[in-house]
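The values are calculated or read from the model by the stated rules, or taken from the named source; none is laboratory data. This is a predicted model, so every value here is computed, not measured. So basically every Cβ, Gly included, is an ideal-geometry build from the backbone, and we count neighbours across all protein chains shown. Surface areas here come from the heavy atoms of the whole protein model, side chains and all, with no ligands, DNA or RNA. Shrake-Rupley method; radii C 1.70, N 1.55, O 1.52, S 1.80 Å.
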Amino acid sequence: MLLKRLFLAVALVLTGSAVAPFGDGGAEARQVFDPSSRTWREIGPTARYGKSKIKRKMVRYETKQKPGTIIVNTKERRLYHVQGNGKAMRYGIGVGRDGFQWSGTHRVSRKAEWPGWTPPAAMRKRQPGLPAYMPGGLNNPLGARALYIGSTIYRIHGSNEPWSIGQAVSSGCIRMTNKDVEHLYERVRVGAKVIVVR
């Protein structure tokens, strides 16, 4: 039994996260493994919307960028959607962990609702247990919506791990709660400028 538990723990660390049934194994409640704290967290039927301690808020934000621009500040772990008149909608985000952070200026090249996920080859090499493709849905790591960033492999996307918002745990993508990414998605057009700063 001890050997079995040790094998499971090692597998979970290698894959980064996992989902297990909770209670009767139905969709009403689940447990998600949090690799940062190495513990299981219970999530309920509203998990697709997630709960984050960081609430979206309209804030004062001085910038020369045009309204509609998205500015991602990885150090602050905040995303600003510029509104004009010195204001922006501020969202909490999860960012790339050490060694996976990046910066640059791009455009939103595509938008998708409940996107499928094809892990990049480099990620599959690091985490051999990942599937070659995962269809969109509640258990998909890209969550409810995705904004694709230029020709990069990165996206601004939802998350089925709302506890990761405000942390540096991703492989470079910008994570939001599903509720927040749905809010942003409705207000962003393809072609919008995306500026990622560190």
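Working carefully through the options Leu130, Leu138, find the one that is touching a residue at least 40 places away in the same chain (Cβ under 8 Å) and touching a helix residue (DSSP H, G or I) at 6+ places or on another chain (Cβ under 6 Å).
Values: Leu138 fails: touching a helix residue (DSSP H, G or I) at 6+ places or on another chain (Cβ under 6 Å).
Being touching a residue at least 40 places away in the same chain (Cβ under 8 Å) and touching a helix residue (DSSP H, G or I) at 6+ places or on another chain (Cβ under 6 Å) holds for just one of Leu130, Leu138, which is Leu130.
Could you please find all residues in region 148-198 being charged (D, E, K, R), buried (at least 18 other Cβ atoms within 10 Å of the Cβ) and assigned to a strand (DSSP E or B)? Passing the criteria: Arg155, Arg175.
When region 95-111 is filtered for residues that are under 14 Å from the mean Cα position of the chain (by Cα) and of a type in the set (Gly, Ala, Ser), only Gly96 remains. Of the residues Gln101, Gln83, the single one that is in contact (Cβ under 8 Å) with a residue 12 or more places away in the chain, more than 12 Å from Tyr148 (Cβ to Cβ) and part of a loop (DSSP other than H, G, I, E, B) is Gln101. When region 112-122 is examined, which residues are found to be of a type in the set (A, V, I, L, M, F, W, C) and within 17 Å of the chain's Cα centre (by Cα)? Answer for region 112-122, where residues must be of a type in the set (A, V, I, L, M, F, W, C) and within 17 Å of the chain's Cα centre (by Cα): Ala112, Trp114, Trp117.
Of all residues in region 52-80, those satisfying the criterion of being touching a residue at least 12 places away in the same chain (Cβ under 8 Å) and over 18 Å from Lys193 (Cα atoms) are Ser52, Lys53, Ile54, Lys55, Arg56, Lys57, Met58, Val59, Arg60, Lys75, Arg77. Taking every residue in region 178-198 that is without any contact (Cβ under 8 Å) to a residue 40 or more places away in the chain and pairing it with any residue that is open to solvent by 10 Å² or more (accessible area, probe 1.4 Å), at least 6 positions away or on another chain, the pairs with Cβ-Cβ distances below 6 Å are Val181/Arg145; Glu182/Arg145. Within region 76-124, the set of residues being of a type in the set (Val, Ile, Thr), open to solvent by 20 Å² or more (accessible area, probe 1.4 Å) and within 20 Å of Val181 (Cβ to Cβ) comprises Thr118 only.
Does Gly92 qualify as being at positive phi, within 15 Å of the chain's Cα centre (by Cα) and modelled with pLDDT of 90 or more? Outline the logic, then answer.
Values: at positive phi: no; within 15 Å of the chain's Cα centre (by Cα): yes; modelled with pLDDT of 90 or more: yes.
No.
The set of residues in region 41-75 that are at pLDDT 90 or above, assigned to a strand (DSSP E or B) and open to solvent by 10 Å² or more (accessible area, probe 1.4 Å) comprises Lys57, Met58, Val59, Arg60, Ile71, Asn73.
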